[in-house]
1. Those residues that are at negative phi, within 16 Å of the ligand (Cβ to nearest atom) and part of a loop (DSSP other than H, G, I, E, B), I need them from region 122-165; list them, please.
2. Examine region 60-78 for a residue that is of a type outside the set (S, T, N, Q), within 16 Å of the ligand (Cβ to nearest atom) and within 26 Å of the chain's Cα centre (by Cα), and state whether such a residue exists.
3. Starting from residues that are assigned to a loop (DSSP other than H, G, I, E, B) and touching a strand residue (DSSP E or B) at 6+ places or on another chain (Cβ under 9 Å), keep the ones in region 41-61 and report whichever is least open to solvent (accessible area, probe 1.4 Å).
4. Of all the helices (runs of 4 or more DSSP H) wholly in region 403-493, which have at least 3 residues that are in the same structural domain as VAL392 (by TED's automatic domain parsing) and acidic (Asp, Glu)?
5. Which numbered condition trips up TRP231, out of (1) more than 16 Å from the ligand (Cβ to nearest atom); (2) in a helix (DSSP H, G or I); (3) open to solvent by 50 Å² or more (accessible area, probe 1.4 Å)?
6. Only one of (1) away from the ligand (no atom under 16 Å from the Cβ); (2) open to solvent by 10 Å² or more (accessible area, probe 1.4 Å) is not met by MET261, so which one is it?
7. Within the set of pairs 6 or more residues apart or between chains, which connect a residue that is near the ligand (Cβ under 8 Å from one of its atoms) inside region 198-217 to a residue that is among the β-branched types (Val, Ile, Thr) and open to solvent by less than 50 Å² (accessible area, probe 1.4 Å) with Cβ atoms less than 7 Å apart?
8. Check GLY213, GLY220 and return the single one that is touching a Leu at 6+ places or on another chain (Cβ under 6 Å), open to solvent by less than 20 Å² (accessible area, probe 1.4 Å), under 22 Å from ASN36 (Cα atoms) and not basic (Lys, Arg).
Amino acid sequence: MERQRLNFQLPDFTRVCWVSDSAKSIWEPRLAQITNAWLEIEWRSVIAGVRECCLNSLTPEDLVAKAGKFAEYGLCALPLEMCGISQYSYSSTSLPIEPGKPFVFRTVIGKPESVWQFKQAFNTGDNLLIGKLLGFPDCCREFFQQVWVEQSCVDTTWQMACNTLKSTEIAEDTRLIKVKGSPYNNILWRWMGIRLVPHLPCSFDCQHTKSFGEKLMQVGLSAGYEQEMDWLLQILNWSVEWSALHGIAEIKTSILKVSTMTDATPYKYTVQRQGKTETDEGARGLNFPYQVPRKPLFTSSSAFQRGIENPITQLAEHPDKYAASNGFSSRLVMDKAHQPIVEQAIAFLPNTSSNVIDLGCGNGALLKKIYEKNFNIIPYGIEQEASRLENVSLLLPQFVDNFWVGDIFTSEELWAQNRRYSLALLMPGRLLEVSPETAANLKKRLQQQCDRLLIYAYGDWLTRYGSLTGLAKEAGLELLNPKNIRASCGFAF
Ligand SMILES: [Zn+2]
């Protein structure tokens, strides 16, 4: 079956359009975390013996920062070429470097002898050897040689789908292919940097690709990326549709749509990959790949009405569950721990409209207590675990848009539009869980955009460092008033 192709190619581009703000606020930071994890997995897979070499695109700063780490493991990093930077981590062609603009080194990483072998293969354009050194399965290397090199395609999706079916299942005029397969083989998210194998598989059910992907997943898990690997598998299990017409490919998923360059064809070609699970933030609709709308809530039911009218009463029915989503054993323990924080915050906050941010806000219970004592404040919160944020819509329904799922160290939304906060709340132990540079970045941001920082800690964090003063010191902060040795909270600036 021969697909008709047109004799032109658009310049490389990738555009992303989210289905909703809520999908974006939840999934964009997760995609960034997964992409980061993937960069680590690429080179760690070499140490784990999964393959000889890997390719990373590194900024000059990255290269300097990471080369020492590679050397520590007996690996060397050899820059092969300089490329322009695309906004997303995947582009079909390497972008030309522009004078004065930022660039990356395409760098091969591996044991010195493998890197030398790779360099020679690279110089002579020996794609089969390059693929072998990168650990790509034989069948996929042949597929790449055929489709990418010989047919000079820039997108292998259609041929990959054709390969997944038996040849008798494809008619001369087939323009829609439906496939299933393991999530490891699903590379339809690659334009967003979301993938579980570094190569272009020969089919959606290539078994060699699957087992390669499983090994890389293991590398990710051993490197401590459980959360990222969990999200990654979720995403790759969702339904997704790729279609191509006139050189533009559209990849539709339940949370976003990607437009990018592909091979130019006069007709529309479509590949649908049927998934399993879906997400709450996903768009709903009757067409593929969207989820069928769920049954509406029984809004007339008395239980639902009660919840709307009096959210606190409803929460009081499950006080311990409510406290647990904030990390406490019971509501009583939580209220007691919150009390001094609320008192200090209220003593400081002005009686005019002012923003307060809780970095690691749980279900927003602490912010609600502060708000109830000063209705001028506008609460903001960020929380890493989505499940903890679930009750915010009941506790602070008028402010739900000010709460994000995300990482306090990487979230940009937190600091968007140079928003100023009168007060920021932080458990300083968080600063000890990341690298000193990451911690320093957050501290800098806090100093730039917040008037005051109120730090607090409970239980184990206090005993481990003797006192809040001890913990603060370890985290590179100093309490303004360190006199009370038993204090569980205090201002750091
Ligand atoms: Zn294969």
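The values are calculated or read from the model by the stated rules, or taken from the named source; none is laboratory data. Keep in mind that this is a model prediction, so the values were computed, not measured. Here the Cβ is made from the backbone with ideal geometry for all residues, glycine too, and neighbour counts use every protein chain on show. With ligands, DNA and RNA removed, areas are computed over all heavy atoms of the protein, side chains included. Shrake-Rupley method; radii C 1.70, N 1.55, O 1.52, S 1.80 Å.
1. LEU134, PHE136, PRO137, THR156, LEU165
2. no
3. Only one residue tops the list, namely ARG51.
4. Answer list for region 403-493: none.
5. (3)
6. Going through (1) away from the ligand (no atom under 16 Å from the Cβ); (2) open to solvent by 10 Å² or more (accessible area, probe 1.4 Å) one by one, MET261 breaks only (2).
7. That search, which allows pairs on different chains as well, returns PRO201/ILE187; PRO201/THR209; SER203/THR164; THR209/VAL197.
8. Going through GLY213, GLY220 in turn, the sole match is GLY213.
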